[in-house]
Amino acid sequence: MNDQSSNLPTLLTRQRERLLADWQGLLAASSAIRSGRITEAELRDNAARLLDGIQNAVRTGNLTDIGTPEWAPVRQTLEDLSRSWAVNGFTPSETAMFVFSLKQPLFAQMRETLAKTPEGLADEAWRISMLVDQLGLYGLYHYMSGREEVIKRQQNELLELSTPVVELWHGILALPLIGTLDSSRTQTVMESLLQAIVDTGAAIAIIDITGVPTVDTLVAQHLIKTISAARLMGADCIISGIRPQIAQTIVHLGLELNVVSKPTMADAFALALRRTGQIVGRAAPVNGHDTGEARRADGRDPADARR
Amino acid sequence: MAPVRRETLPVRHADDVLRVRQLVRSWTLACKFSLVDQTKLVTAASEIARNTVIYGGGGELVVEALEERGRHGIRLSFSDRGPGIPDVEQALRDGFTTGTGLGLGLGGARRLVNEFAIETQPGAGTTVRLTRWR
Amino acid sequence: MEQIPILKVEGCLLVSIQVDMHDQLAMALQDDLTRRVVETRARGVMIDISSLEIVDSFIGRMLNNIAAMARVLDAVTVVVGMRPAVAITLVELGLTMPGVHTALDVDRGLRLIRTLVAQADEETGARLGTGTP
C-alpha cells in the first residue's frame with residue numbers, strides 16, 4: 001500500500017472530533033498544565049491548530065516528507081509553539097510529548113477503521129509512526145534552538161555582572177579577567193573598560209589575566225587593540241598575571257605585546273601609583289597598630305590627583 | 001533575503017560626505033546598532049564616500065536595511081562612473097600612510113564591516129558594497 | 001565659510017572641534033593653526049576632539065599633519081577627549097598617529113604639554129651644551 005491509498009487523510013477528516021478529544025484527553029495530564037505554564041484551554045487550542053494543519057497537509061497525498069511546501073504551515077505552527085515553550089521554561093519531554101502523544105489516538109482510530117481489513121494495519125501504523133516522529137523531532141529541534149537563545153541571553157547578562165571594572169585608586173583602574181575568554185566576551189569587556197576610563201578619568205588601567213588559563217589569537221588581538229585604543233584616549237595600560245603558557249602562546253603567535261607587563265596585580269598597582277605620582281607609605285602607628293595609607297609623593301591629598 | 005527599506009543619496013561634492021555620514025548614522029540608529037557598530041559603519045561610509053567624490057568623479061549611495069534569518073543589517077552601495085581602480089589588490093593593501101600619501105582607505109573600510117565587495121573596471125566605474133550586521 | 005576658533009591658553013594653542021568638518025574646513029584649520037603657531041611662538045598645540053563622533057582617515061591625516069608641522073616649529077601636539085567608540089574604530093581602521101600625544105581631557109593635556117616641553121628643552125640644552133634655556 002502506498003501513500004496514495006492510505007486511509008490516513010480520510011481518517012483525519014472524518015474522525016477529527018474523536019481524534020482531537022482523545023488527544024486532548026492525553027494532553028490534560030501534561031505536567032506543563034500542572035505547573036501552570038499553560039492552561040488546558042490553550043493546550044487544547046494548540047492541539048486543534050496542529051491537527052487541522054496536519055489534516056490539510058496530508059490531503060496532498062504526501063505523508064512521508066514534512067519538508068515540502070505543503071507542510072510549511074504545520075512546520076510554522078510547530079516552530080512557533082516550540083520556541084515559545086522553550087522561552088517559557090517547558091521541559092524537553094513536555095514539548096516532545098505534545099506531538100508524540102498524538103500517536104495513540106491515531107493508532108486507536110486506525111485500528112477501528114481497519115477492523116474488517118486488519119492486514120493493512122501494519123503499514124498504516126508504520127506510516128503514522130514515521131509521520132508523528134518527524135513532526136515530534138521537528139518541534140524538538142526548534143525547542144532546542146529556543147533554549148540555546150535563552151542560554152545565550154543569560155550568558156550575556158552574567159557577563160555584565162561578572163566582569164566589573166574596579167577603581168583601585170584615584171586614576172587607576174583594574175580589570176581582573178577570570179575564566180576562558182571568547183571573542184565576543186572579550187570585546188564587551190574591553191568596551192566597558194574604555195568607557196570606565198572616560199567615566200572615572202583614569203590615567204592607568206591594569207588588565208589582570210591571572211585567572212585566564214589560555215589565550216588564543218583572537219583574544220590576544222582584542223587585548224592588543226584595547227591597549228591601543230586606551231592609548232589613543234590618553235590612558236595607559238599595564239598587563240599583569242601572564243602565565244607561562246600564555247607567554248609561550250604569545251611568542252608562538254608572533255604577537256608584539258607593546259605594553260608593560262608585571263607578574264602580579266600588586267606589582268602593577270605599585271607601578272601605577274608611582275606613575276601617577278602617588279606612594280603608599282606608613283603613617284604613625286595608631287593605638288599600637290601600623291596603618292598604611294596612600295598619599296601623594298608631594299604630600300598633598302590624593303583626592304587632588306583627579307583635578 | 002529581500003531588502004526591507006532603501007534610500008538613495010547623490011555623492012558628488014565634499015559636502016555630500018557629511019550628508020552620507022548623517023544618513024548612515026540615522027539608519028544605524030533606526031536599526032538599533034550598538035554605538036561601536038554605528039561608529040564603524042559611519043566611518044567606513046565616510047572613507048568610501050570620499051573616494052567616490054575624489055577618485056570616482058561623483059556618484060551615488062544606496063542604503064538598504066536588510067533582514068535575513070532573523071538578523072538585521074545595513075548595506076551601503078557606493079557607485080560611480082569614474083576611471084575605475086586599476087589594481088584592486090594593491091588598493092586594498094594600501095593602508096594609510098600617516099603623512100601625505102594617498103591611501104584609498106579601502107583596506108581600512110573593509111576591516112570595519114562584515115561584508116565587503118568591490119566591482120571595478122578601468123574606464124567603467126566602480127561599485128563598493130559594505131554590509132554590517134547588528 | 002565658518003572658521004574653527006583657536007584660543008591661546010598658557011603659551012599653548014587650544015582648538016576645540018565641535019562640528020562635523022568637511023574637507024575644506026579641515027584644510028583651513030591646518031593652515032590657521034600653522035600661522036598661529038608661528039605668530040604666537042606657542043610651544044604646544046592642543047586639539048580637543050571630545051565632541052567628535054567620527055574620526056576618519058582624512059581627519060586622522062589632518063591631525064598627523066598638524067603634529068608634523070608643529071614639530072617643525074618646536075611645538076608638541078596633544079589630542080584630548082577621544083571617545084571610546086572612535087578609538088576602537090581608529091585602531092580597527094589601522095590608522096596610527098605616531099607624532100601625536102594623547103590625554104583624557106584639557107587639564108591633563110595642559111599638564112602633558114608642560115611635561116613634554118620641559119623634557120624637550122632639557123634635551124636640547126644637553127645637546128647644545130648650553131643648559132636649560
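Considered as an equivalent ellipsoid built on the Cα gyration tensor, the protein assembly as shown has semi-axes of 63, 34, 18 Å, the largest given first.
The loop-placed trypsin sites (Lys or Arg not before Pro) in segment A:90-128, going by DSSP, that have at most 15 neighbouring Cβ atoms within 10 Å of their Cβ come out as A:Lys116.
Loop-resident trypsin sites (Lys or Arg not before Pro) (DSSP state other than H, G, I, E or B) in segment C:14-75 with no more than 16 further Cβ atoms inside 10 Å of their Cβ: C:Arg41. From largest to smallest, the equivalent ellipsoid semi-axes obtained for segment A:15-131 from the alpha-carbon gyration tensor read 26, 18, 12 Å. The simple Förster model, with R0 at 25 Å and r as the Cβ-Cβ distance, assigns C:Leu128 and C:Asp32 a FRET efficiency of 0.20. With R₀ set to 22 Å, the beta-carbon distance separating A:Gln76 from A:Glu40 gives a calculated FRET efficiency near 0.40.
Here the label points at A:Asp182 and A:Thr64, each 7 Å from Cα along the C-beta direction, are separated by 4.0 nm in the simple model. Taking label positions 7 Å along the Cα-Cβ direction at both A:Lys116 and A:Gln221, the computed distance is 7.4 nm, reported to one decimal. If only the Cβ of Lys and Arg carry +1 and only the Cβ of Asp and Glu carry -1, the dipole of the protein assembly as shown around its Cα centre is close to 440 debye. Every helix of 4 or more DSSP H residues in chain A counts as -39500 (n - 2.57), and over all residues that averages to -18500 deg cm²/dmol at 222 nm. Around the amide H of A:Glu167, modelled in the peptide plane, lie the amide H atoms of A:Ala174, all under 5 Å away and 5 or more residues distant in sequence or on another chain. Of all aspartates and glutamates in the structure, the ones whose alpha carbon falls short of 12 Å from that of A:Lys225, not counting any fewer than 8 places away in one chain, are A:Glu191, A:Glu256, C:Glu92. From helices alone, chain C scores -17000 deg cm²/dmol at 222 nm; the rule is -39500 (n - 2.57) for each run of n ≥ 4 DSSP H residues, then divide by the residue total.
A DSSP coil position with no more than 12 other Cβ atoms inside 10 Å describes none of the GluC sites (Glu not before Pro) in segment A:38-105. With R₀ fixed at 35 Å, the C-beta to C-beta distance from B:Arg71 to A:Arg243 puts the FRET efficiency at about 0.45. With each pseudo-label sitting 7 Å past Cα toward Cβ, what's the A:Val259-A:Ile151 distance in nm, one decimal? For A:Val259 paired with A:Ile151, the spin-label model returns 3.1 nm. Here's the picture: a label point sits 7 Å out from the Cα of B:Ala124 along the beta-carbon direction, and within segment B:74-93 the residues with their amide nitrogen under 19 Å of it are B:78-89.
Taken together, the values in this text are just the output of simple stated rules run on the coordinates, not laboratory data. Predicted model, so just to flag it, every value in this text is computed and none were measured. Methodologically, a virtual Cβ is constructed for each residue, glycine included, from the backbone with ideal geometry; neighbour enumeration extends over all protein chains shown.
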